[in-house]
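The values are calculated or read from the model by the stated rules, or taken from the named source; none is laboratory data. It should be emphasised that the depicted structure is a prediction, and the values quoted were computed from it without experimental measurement. Don't worry about glycine lacking a Cβ; one is built from the backbone with ideal geometry, like all the others, and counts go over all protein chains shown.
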Amino acid sequence: MLPAEIAGAFSDLGLPGYRAKQVFRWLGRGVTSFEEMSDLSKDLRQKLDGLFTIPSLTMLRRQVSAQDGTEKFLWQLPDGESVETVFMRYKHGNTVCISSQVGCRMGCAFCASTIGGKVRDLTASEMLDEVIRTGLAAGDKVDGIVLMGIGEPLDNYDNVMRFLKLVNDPEGANIGMRHISLSTCGLVEAIDKLAAARLQLTLSVSLHAPDDETRSKLMPINERYGVDALYAACRRYFDVTGRRISFEYAMVKDVNDTPRHADMLIKRLGGTGSHINLIRLNYVSERGLRPSSEQTVHRFVKRLEDGGVTVTVRRRLGSDIDAACGQLRRGQMRKK
Ligand code: SAH
């Protein structure tokens, strides 16, 4: 519940506004019972305990990377489903990567999260709890959030917007919008809706191919919104928000990693100030696609840079702990 909603419910009970603030603050710190809210009287705690529940995620698994300290959690939701959250340590701060749905219905050919389809959307409170509980479990401060875990955040638009409000609240987790990135496979109408909300978050678009032929092979969503429509939506997003979009591009051997693909990217994005985040595909055993070689990636980057496109190559944090999208939940499902 947002602070104003708690205040509304409390006022119906005849409780003053500052009580709502106190409770919201405790929830932001991750307490899971009213009993722990030590600045409320014992009577009040018991009363609230009888009227409200504080749902919370429980840890099913935790893996810590020996390579880079990345931690990955499998959380159980109140209905028994599970999602993954990753805690990453960077020089510039700690980032939590959260899931937005149980499974995904977007069907990308390289992704482990979508194999069993979508089970359900996550609620705003479940996403918030991913952030809070992961920070507490990792024993470290959360500086930023990326919505790049399981699920398509713009396919769960209302809950994600509500989550953003909750996590951004200064009395709660207090994560600034500029420290939040949202990644989408390219739902054009939802991108326009998000633009109109004028948030200061960073929008990442999973491009993965510069042309319809290649992109449709990798991402079924491209049949609905082709590359032209997607680029146009990105342009509108920039015009409305003034925020540059970053494009994600997973390098798949012999599929999207040729000089021809680099040249098409240059033609589209060269000189626009757009930024490409390259990553070598994380191999997912069910999927059959292979990562491009280091050498191919190197040549691809050089060609893009020579063509005036800025590129960063993302390190694959936590590759020793299956830290890529959906792999831990898949492992759990296989065992079941
Ligand atoms: N649904 C959203 C966010 C979740 S996926 C989206 O599509 O953007 C987060 C990122 O991981 C996306 O760019 C996605 O394309 C990428 N991804 C998924 N599986 C991958 C894999 N096996 N290797 C590399 N990147 C992958």
Flagged in the stretch 199-222 as within 15 Å of the ligand (Cβ to nearest atom), in a helix (DSSP H, G or I) and either acidic (Asp, Glu) or in contact (Cβ under 8 Å) with a residue 12 or more places away in the chain (or both), in numbering order, are Thr214, Arg215, Lys217, Leu218, Ile221, Asn222
When the stretch 240-260 is checked residue by residue, the ones that are away from the ligand (no atom under 16 Å from the Cβ) and either polar (S, T, N, Q) or at pLDDT 95 or above (or both) are Val240, Thr241, Thr258, Pro259, Arg260
- Item | Residue check for Leu304: modelled with pLDDT of 95 or more and either under 22 Å from Ser100 (Cα atoms) or within 11 Å of the ligand (Cβ to nearest atom) (or both) | no
Based on what the data block shows, is Leu60 of a type in the set (A, V, I, L, M, F, W, C), over 21 Å from the mean Cα position of the chain (by Cα) and surrounded by 14 or more Cβ atoms within 10 Å (Cβ to Cβ)?
no
Checked the stretch 34-47 for anything part of a loop (DSSP other than H, G, I, E, B) and exposed (fewer than 13 other Cβ atoms within 10 Å of the Cβ); matches are Ser38, Asp39, Ser41
In the stretch 133-162, anything assigned to a strand (DSSP E or B) and away from the ligand (no atom under 14 Å from the Cβ) is listed as Gly144
message = Residues that are in contact (Cβ under 8 Å) with a residue 40 or more places away in the chain, more than 13 Å from the ligand (Cβ to nearest atom), in contact with a Ser or Thr (Cβ under 7 Å, 6 or more places away or on another chain) and of a type in the set (Val, Ile, Thr): does the stretch 98-110 have at least one?
response = no
Worksheet item: In this structure, is Lys165 more than 10 Å from the ligand (Cβ to nearest atom), under 28 Å from Gly135 (Cα atoms) and assigned by TED's automatic domain parsing to the domain that holds Val227?
Response: yes
Turns out the strands (runs of 3 or more DSSP E) fully within the stretch 53-128 with at least 3 residues that are farther than 13 Å from Gly149 by Cβ are 58-64, 118-121
>> Kindly evaluate Val313 against the criterion of being within 12 Å of the ligand (Cβ to nearest atom), within 20 Å of the chain's Cα centre (by Cα) and buried (at least 16 other Cβ atoms within 10 Å of the Cβ).
In response: no
Checked Glu189, Glu130 against criteria (free of Cβ contacts under 8 Å to residues at least 12 places away in the same chain, within 16 Å of the ligand (Cβ to nearest atom) and at negative phi); the one match is Glu189
(1) under 26 Å from the mean Cα position of the chain (by Cα); (2) away from the ligand (no atom under 12 Å from the Cβ); (3) modelled with pLDDT under 95 all hold for Val297 apart from (3)
Flagged in the stretch 111-131 as modelled with pLDDT of 95 or more and not aliphatic (A, V, I, L, M), in numbering order, are Gly117, Lys118, Arg120, Asp121, Thr123, Ser125, Glu126, Asp129, Glu130
Inside the stretch 80-118, the number of residues satisfying the requirement of being within 21 Å of Arg315 (Cβ to Cβ) and of a type in the set (Asp, Glu) is 1
